[in-house]
Amino acid sequence: MHPPSRQGYVSLSLAGQGSGGYNNSKQWRRQSCWRKWKQLSRLQRSLIFSILVLLFICGLATYPIVTEHLRGLSDEEQETESNSVLRPVVPHVLPEPVRLGHPALPEPPSQVCKPLPLFSEESDRPEAVREAFRHAWKGYKDFAWGHDELRPISRSYGEWFGLGLTLIDALDTMWILGLKEEFEEAKAWVAAELTFNKNVDVNLFESTIRILGGLLSTYHLTGDALFLDKAKDIGSRLMPAFNTPSKIPYSDVNIGKGTAHPPRWTSDSTVAEVTSIQLEFRELSRLTQEPQYEDAVAEVMNQVHKLDGKLDGLVPMFINTNSGQFTHQGIYTLGARADSYYEYLLKQWIQGGKRESQLLDDYLQAIEGVKKNLLQKSSPNGLTFVGEVSHGQFSPKMDHLVCFLPGTLALGAHNGLPADHMDLATQLMETCYQMYVQMETGLSPEIVHFNMHEGSIRDIEVKLADRHNLLRPETVESLFYLYRFTKDHKYQEWGWEILKNFNKYTKVSSGGYTSINNVRDPDYTSPQDKMESFFLGETLKYLYLLFADDLDLISLDRFVFNTEAHPLPIWPSTDTHTN
Ligand code: DMJ
């Protein structure tokens, strides 16, 4: 039945159609609508037409207001969520320290690492690093202030030495990034709270590179004597470590009692540890004009220089504090326990104005040793990598730690060492980048193994136990050096990808970033609940310097970075040596 069609009335019927049975064909519906339209009077038709036009105009006019409102609502929802669900109010100083290794129940990963809005502007990459730093700092400030490390998921902290390690490690980063407010807060804590008169055992190497190095570098950047005073205090408290039969230092020092000892199970120290404290102690001597610091660390270098047991300049991993000899010989690596020995040979030579030829000779010989014994190419794509030798057998294993090497090689070439060092640097840089891009999260695992047999399907393999990422800096550190020396923007692009993936997979919504256990599963990264101090001290600093427009910011012709990314001055050639 059709509605009555009378002139002067607008009547639309939406009721049942026609008398025939239900016909759903499009054609029937089209015809039926058209028939109805034709049955309307001219007045009815023009009225409907005008209403539609009016509705269309109103819709256009109100669209921006409506969308604005919706956007506002969703922002509010997001804020409510982060405040009430993911960000409970927690006092700065928590009553009970939470021991590392016993994490509180983690939240499901979807909530823990929920992707946050990344950055304001892709184009402002230095600002994106500042944002990342602020986010990391917020977590530290809210849940771990004055303690060693943030545990971002349990919103608590972990102690290692009980000396505010993250805060000290991050001081010069804040200065370089121009985060004045944050820097002033941290400085106030150093002035009021930081004391080394504490009955605690600290690791000589870690406290030298992070605390002594961090304080010295902050002193140089700011000129504030507070940091030099603190540096002198910790430096002198570390000296008992050198009271050993061989003068090769013990690994641990009690900075309150003034006693030192090796680890409980051995009288050995790690070679990288005893040979990577020199930049800092030498600088302390120069500033204080007190030679004992430099003397102590120079003695270690002189002894290591003369020792038997090297393989073409490559050192074993352990050295005995009684005999002063290498122990557990036969393993040669550029990774854990040996890495920064090589780095500090070159950097001491640069720091001292390129005059100490023994350091240079040892460095050059070691790089030849790397080329001869450790360098190989992977299959199928021929990536150049640095493996290990274990009792005469080559192993295609490479730690992420080895990725400091491209940067160090490039620094050497920049300082006049052979040009083929730069070629090797660019090849290894590509490999380190591939260790990131070939993973499902775009983040490198701690250790990789390279395939070498012909016909391999992929170049890189990762063992189950090696799939973690600790927010380490070595690759972005090398990207920084390579970019500074080549100006090739691809290195900035690579660093940008890495930063985006740190943001995507390791950023914790309530503040901070976390190490993860599995770089191979983007859906279940298995957060470890720990933000290492070097993420703020090194990783973010190198990323910032990689993106900075000013290529002279912390010029590599005036500063040398210690192994924890704390820049120390290259000594002016007019400087008199303390020795
Ligand atoms: C840092 O403490 C230093 O870079 C050290 O030389 C190696 N390990 C960490 C970063 O990975």
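Data overview
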read-out: Under-5 Å amide H pairs with THR327, H placed in peptide plane, nonlocal only; value: PHE318, ILE319, ASN320
read-out: Heavy-atom accessible surface of segment 234-367: percent carbon and sulfur, 1.4 Å; value: 48 percent
read-out: Accessible solvent surface per residue of segment 187-331, calculated while the other protein chains remain in place, 1.4 angstrom probe, Å²; value: 36 Å²
read-out: In Hz, Karplus ³J(HN,Hα) per residue of segment 415-428 (6.51, -1.76, 1.60; θ = phi - 60°; x = Gly, Pro); value: 9, x, 7, x, 5, 5, 5, 6, 4, 5, 4, 5, 5, 5
read-out: Virtual spin-label span in nm between THR222 and TYR524, 7 Å along Cα→Cβ; value: 4.6 nm
read-out: Positive minus negative residues near ALA413 (Lys, Arg vs Asp, Glu; Cβ under 10 Å); value: -2
read-out: Segment LEU551-SER573, extension gain: residue separation times 0.36 nm, minus the distance between their alpha carbons; value: 5.6 nm
read-out: Loop sites in segment 155-228: trypsin sites (Lys or Arg not before Pro), DSSP, at most 16 other Cβ within 10 Å; value: LYS198
read-out: Shape of segment 383-531, Cα gyration tensor, a/c cut at 1.5; value: oblate
read-out: Per-residue HN-Hα couplings for segment 210-219 [Karplus 6.51, -1.76, 1.60; θ = phi - 60°; Hz; x = Gly/Pro]; value: 8, 8, 4, x, x, 6, 5, 5, 5, 4
read-out: Rounded, prolate or oblate (a/c below 1.5 giving rounded, otherwise prolate when a/b exceeds b/c) for segment 263-417 by Cα gyration tensor; value: oblate
read-out: Nonlocal amide H pairs with GLU532, under 5 Å, H built at 1.01 Å; value: SER515
read-out: Phi-based couplings in Hz for segment 550-567 (Karplus 6.51, -1.76, 1.60; Gly and Pro marked x); value: 7, 6, 9, 5, 6, 4, 6, 9, 10, 10, 10, 7, 6, 6, 10, 6, 9, x
read-out: Amide H within-cut-off set for LYS198, under 5 Å, with H built and near neighbours excluded; value: GLY256
read-out: Sparse-neighbour loop sites [GluC sites (Glu not before Pro); segment 129-201; at most 14 other C-beta within 10 Å; DSSP]; value: none
read-out: Cleavage-rule hits (chymotrypsin sites (Phe, Trp or Tyr not before Pro)) in segment 237-313: DSSP loop, at most 15 neighbouring Cβ within 10 angstrom; value: TRP265
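The values are calculated or read from the model by the stated rules, or taken from the named source; none is laboratory data. Everything quoted here is computed from the prediction, not taken from an experiment. Heads up, the Cβs are rebuilt from the backbone with ideal geometry, glycines too, and the neighbour counts pull from every protein chain shown. Protein only, heavy atoms only, side chains kept; ligands, DNA and RNA dropped before computing areas. Shrake-Rupley method; radii C 1.70, N 1.55, O 1.52, S 1.80 Å.
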